[in-house]
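Just below is one structure, and these are the notes that go with it.
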Amino acid sequence: MTRDSSYILTVKSLDMKFSIGILLIAFVITGGCSSSGIPRTEIEYGKLVVPENRNNPDSREIAISYVYIPKSGNSEYPPIIFLQGGPGGSSLPMQNFFSNSPLRKNHDIILFDARGTGSSEAFCQDIGIEFMNLLGRDLTVEEEYEGTIELCERCREELVANDVDLAGYNSMENAADVEALREHLGIDKWILLGGSYGTRLGLTYLREYKAAEAAIFMGLFPLEVNIYEGFLRGLDGSIEYLFTSCKNNPDCERAYPELKSMFQSSIEKLRSEPKTVSYRGNDFVINAQDALLLIHQMLYGRSTIQQVPAFIKALGSEETSVIERSINSTGARLAIINAATYWSVQANEEVQFNEENSIEKRLSNYPHLQPGPAFFATDQRVLNEWHPHRSKPIENKRVKVKTPMLITNGLFDPITPISNARNVMEYLPNATLVEFPYDGHSTFNSCFFDMVEDFVAKGYKAPNTACAENGSLNWR
């Protein structure tokens, strides 16, 4: 392979395993010529070869896999490139979802697996399964940390054997890959669509390059946010919002009276008396940190948010089905996020900007969240040992751009709380923020797609947002 960015490998098929529940996150219409470059009428699969580390002239080359999905209509709107979350999430398994989404009517859609994920030379792909094995044992937080370090050491052996340069796994390199892909595809201007970490990557891209007409972001993760310092505050705020939402709903209040007290007593009991359920035919022991992690993950999407009260109740009863469903969905999410890539990006961009052991130091302020959610509680210590590469201070600075943006955020979101989005409005002058009161980390729903369509049709001005308020949760 060469370093020629025009290199393309056409393939007939890719592995398309996907569940939309796994989602681990504005432009001026000019008319006239399309911004899509060469017109495409069939789905195109390809690989783009890029340097693994652009700061090293002797860097090896890696291949970025992508799928180009042509629009079904005849509009002249720019293409959309989807920026997946994680970091470490794979996008190509979402081909079927985007092929059948409303966005495809007016836009070509480009999906790609970021370096080190999915079909783009991912490494250590079995760690997600190993995580679930650790989670299912009745381990202390410290024992889970030690087990995670063992996984790191085994993964590191694979990286050394394959000459992987972890210095090249960061948002700057990811943004450069996105720009190389735009040039390779012959696209003049396009629209960024990102969720979670994809919004951080999108903001980095907007800072470095000028090829985006607009950006559509959900679950905003601004560069200046120190995720570990605010982690417990975000989780606590989401859980409190859950309690309030349930209390204000007659059906939920009747089915789950005193939900807050039930939550506190359930977590307290699990600290000394773990609960055993079934996962893939084996015993799975849930202790306090496991329950907190599962609740955290359930707050990501509307379909699971409405099951959290039943989950909390089940923790103190003989009921197991809702707990086992939560374990299954969390296991699926961990399987699609490449842990080694996640560690690599986070070690580059979070370690030096967050107070050391932020979550562990703040736990005393949140006694009801002790000992902290599994894995997250000791994540910083893992990152400290993963690799020594650290990004420059610019990766912790605000990105101030005038690009038109549509930003959506769910009020239940525990990982990128609504405060993230509210705080950026003062320095993103052309951004519109829409708050979804019944959603969490993902706002992919019919209202979201209607809003995007309206946003585009209005020349990237504020869309009609009424539908965001029109909804409900079917508390189960």
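This table checks each residue for (1) more than 22 Å from the chain's Cα centre (by Cα); (2) in a loop (DSSP other than H, G, I, E, B); (3) among the aromatic types (F, W, Y).
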position	(1), (2), (3)
C124	no, yes, no
M132	no, no, no
R137	yes, yes, no
E143	yes, no, no
I149	yes, no, no
C155	yes, no, no
V164	yes, yes, no
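Here H107 meets the list (1) closer than 23 Å to I187 by Cα; (2) surrounded by fewer than 22 Cβ atoms within 10 Å (Cβ to Cβ) almost entirely, failing just condition (2).
The set of residues in the stretch 412-436 that are in a loop (DSSP other than H, G, I, E, B) and touching a Gly at 6+ places or on another chain (Cβ under 8 Å) comprises F412, D413, P414, I415, T416, P417.
If you go through the stretch 187-211 and keep only what is β-branched (V, I, T) and either assigned to a helix (DSSP H, G or I) or surrounded by fewer than 21 Cβ atoms within 10 Å (Cβ to Cβ) (or both), you end up with T199, T204.
E42 - would you say it is surrounded by fewer than 21 Cβ atoms within 10 Å (Cβ to Cβ) and farther than 27 Å from D454 by Cβ? So E42 passes the test. Considering G219, G234, G281, the condition of being touching an Asp or Glu at 6+ places or on another chain (Cβ under 8 Å), at positive phi and not β-branched (V, I, T) is satisfied by G219 alone. Scanning the stretch 218-264 for residues that are surrounded by 15 or more Cβ atoms within 10 Å (Cβ to Cβ) and among the hydroxyl-bearing types (S, T, Y) returns Y228, S238, Y241, S245, Y256.
Among what's in the stretch 93-142 and is among the charged types (D, E, K, R) and in contact with a helix residue (DSSP H, G or I) (Cβ under 7 Å, 6 or more places away or on another chain), pick the residue that is farthest from N338 (Cα to Cα). Filtering the stretch 93-142 for residues that are among the charged types (D, E, K, R) and in contact with a helix residue (DSSP H, G or I) (Cβ under 7 Å, 6 or more places away or on another chain), the one farthest from N338 (Cα to Cα) comes out as R104.
Residues checked against (1) basic (K, R); (2) crowded, with 20+ Cβ neighbours inside 10 Å; (3) at pLDDT 95 or above; (4) under 24 Å from A167 (Cβ atoms):
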site	(1), (2), (3), (4)
E349	no, yes, yes, yes
R362	yes, no, yes, no
Y366	no, no, yes, no
Q370	no, no, yes, no
N384	no, no, yes, yes
K402	yes, no, yes, no
M405	no, yes, yes, no
G410	no, yes, yes, no
N420	no, yes, yes, no
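Listed by position, the helices (runs of 4 or more DSSP H) inside the stretch 229-338 whose residues that are β-branched (V, I, T) number at least 1 are 231-247, 259-272, 288-298, 302-305, 308-315, 321-336.
Considering F412, F375, F311, the condition of being out of contact with any helix residue (DSSP H, G or I) (no Cβ under 6 Å at 6 or more places or on another chain) and among the aromatic types (F, W, Y) is satisfied by F375 alone. Does any residue in the stretch 253-273 that is closer than 19 Å to P373 by Cβ and of a type in the set (D, E) come within less than 9 Å, Cβ to Cβ, of a residue that is at pLDDT below 95 and surrounded by fewer than 17 Cβ atoms within 10 Å (Cβ to Cβ) six or more places away or on a different chain, and which pairs are these? Cβ pairs passing all conditions: none.
The values are calculated or read from the model by the stated rules, or taken from the named source; none is laboratory data. Remember, it's a predicted structure, so these values are computed and weren't measured experimentally. As a convention, Cβ positions derive from the backbone with ideal geometry for all residues, glycine included, and neighbour counts pool all protein chains shown.
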